[in-house]
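Structure record follows, encoded as structure tokens.
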Amino acid sequence: MLAPGGRLLAAFHVGEGEIHRDEFLGRSVSFHASFFEIAEMKASLEEAGFLIDEILDRRPYEFEYPSQRAYLLARKPWRPEPPKNRSLVGLKSSS
């Protein structure tokens, strides 16, 4: 749970699909990773109520897995955002 005003930094590999590795640096491991498109991650965070402050992406360094990286800095609003696409037509006043 993230407190109102709290910040979230999401770091991920950009792309589609998944990878699995059983070996890393000569050792037995069980590693599974999923790739995401930047627009997909942004939309998911916004749908969850986060406000996106910044999006950065970069190419991999020479020694890294050859995929683009992305970083989304988001925050939970102090107050919930009003619902989108809701019409007030047909609501009766309580006065």
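Bear in mind these aren't lab numbers, they're just calculated from the coordinates by the rules spelled out. As the structure is a computational prediction, the values presented were derived from the model and not from experiment. Here Cβ is always computed from backbone atoms with ideal geometry, including for glycine, and neighbour counts include all displayed protein chains.
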Practice item. For region 7-75, just run the numbers: alpha carbon Rg, then divide by 2.2 N^0.38 Å, N being how many residues it has. Key: 1.27
Review point. In what order do 38, 19 fall by count of nearby beta-carbon atoms within 10 Å, going from fewest to most?
Key: 19, 38
Review point. What ranking do 36, 50 get, fewest neighbouring Cβ atoms within 10 angstrom at the top?
Key: 36, 50
